[in-house]
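Encoded as structure tokens, the structure appears first; notes follow it.
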């Protein structure tokens, strides 16, 4: 087994710099998208997709997980993903809560007085 | 550091099994587990924020200047600090502790720049009148819908909680790196790598906070300025 090779911190500074450039480019795309009018769920999907790519680049290269033992990756990553997904279980309730909201029909700034005619 | 030297530093008695099942030291494994639990904390906060946002009229008040310009420069600072950190760990793996210290100090510099910019950005919002449980009056009048639904006053609560907790992590990270930089010749390579793990995690969290809090709250039409 090549135990000696793994003592070295794998990855060259050139590789890390290119990852940094990629992260900056993805960030610039995000800022550009902010000013593109589009439905919020499109925007959310694209932004989260880009964020997950950025997170994966950071974890894989900067945090060096790409060069760790598979057993460590399998211990850490799947349980984290499952736990985060489980948190979304309550999320549909937010759409119900949105329908239950009190409608402020008599907001002074906007709504006209109902007794006017 | 050779395998033999590390074997001395991480004696088998630590695990009583004679092997390192993950081929990382117990401290590094501990940091990974801490990162998992901290990820869950931030996930819960961000999902709670999304829940509130989806169930309320949500103000989108951030102008290009100062908010987006500041947060973009802050993102640049954090990404650059991750790069200097990884250079530091790389130098340490070559045994060049002096260079490692310089890179770690660079990382602390970028981290401090992030915190200072963030505090200035907070100050902008606070002086505009944003509070944890209330919005500035002109935000309320601008973002009230045509059928009279008021924007949620929880904008400030979610904003200050999430960015505040993240800022706390950055500040803690700067102190942590300061200790590592001061003791760089005494600590071994893996300890420097572990501080790097923490620092990159702080950067990683910002990669979700920035789009969800800032990019999705851009005042695209410039409604507030009108």
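The values are calculated or read from the model by the stated rules, or taken from the named source; none is laboratory data. These numbers were taken from a predicted model, which means no experiment stands behind them. Cβ placement follows ideal geometry from the backbone for every residue including glycine, while neighbour counts extend to all protein chains displayed.
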Exercise for review: For region A:51-95, enumerate the residues that are surrounded by fewer than 18 Cβ atoms within 10 Å (Cβ to Cβ), at the interface with another protein chain (Cβ under 7 Å from one of its Cβ atoms) and farther than 23 Å from residue B:28 by Cβ.
Suggested key: A:87, A:88, A:91, A:94, A:95
Study note, to complete from the structure: The number of residues in region B:130-162 that are surrounded by fewer than 14 Cβ atoms within 10 Å (Cβ to Cβ) and part of a loop (DSSP other than H, G, I, E, B) is 4
Check your understanding: Given the conditions (1) within 14 Å of chain A (Cβ to nearest Cβ); (2) surrounded by 16 or more Cβ atoms within 10 Å (Cβ to Cβ); (3) touching a helix residue (DSSP H, G or I) at 6+ places or on another chain (Cβ under 8 Å), and given that residue B:220 satisfies all but one, which numbered condition is not satisfied?
Key -> (2)
Check your understanding: Residue check: is residue B:178 away from every other protein chain (no Cβ under 13 Å), farther than 19 Å from residue B:60 by Cα and either over 14 Å from the mean Cα position of the chain (by Cα) or modelled with pLDDT under 95 (or both)?
Key -> yes
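Just to be sure, is residue B:78 in a helix (DSSP H, G or I) and crowded, with 20+ Cβ neighbours inside 10 Å?
On the way: in a helix (DSSP H, G or I): yes; crowded, with 20+ Cβ neighbours inside 10 Å: yes.
The answer is yes for residue B:78.
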Point to revise | Restricting region A:2-35 to residues that are more than 19 Å from residue B:200 (Cβ to Cβ), at pLDDT below 90 and more than 7 Å from chain B (Cβ to nearest Cβ), the residue that is farthest from the chain's Cα centre (by Cα) | key: A:2
Review point. If we scan region B:48-69, do we find a residue that is out of contact with any helix residue (DSSP H, G or I) (no Cβ under 6 Å at 6 or more places or on another chain), closer than 20 Å to residue B:173 by Cα and facing chain A (nearest Cβ under 10 Å)?
Key: no
Study note, to complete from the structure: In region A:39-50, residues that are crowded, with 17+ Cβ neighbours inside 10 Å and more than 10 Å from every other protein chain (Cβ to nearest Cβ) total 0
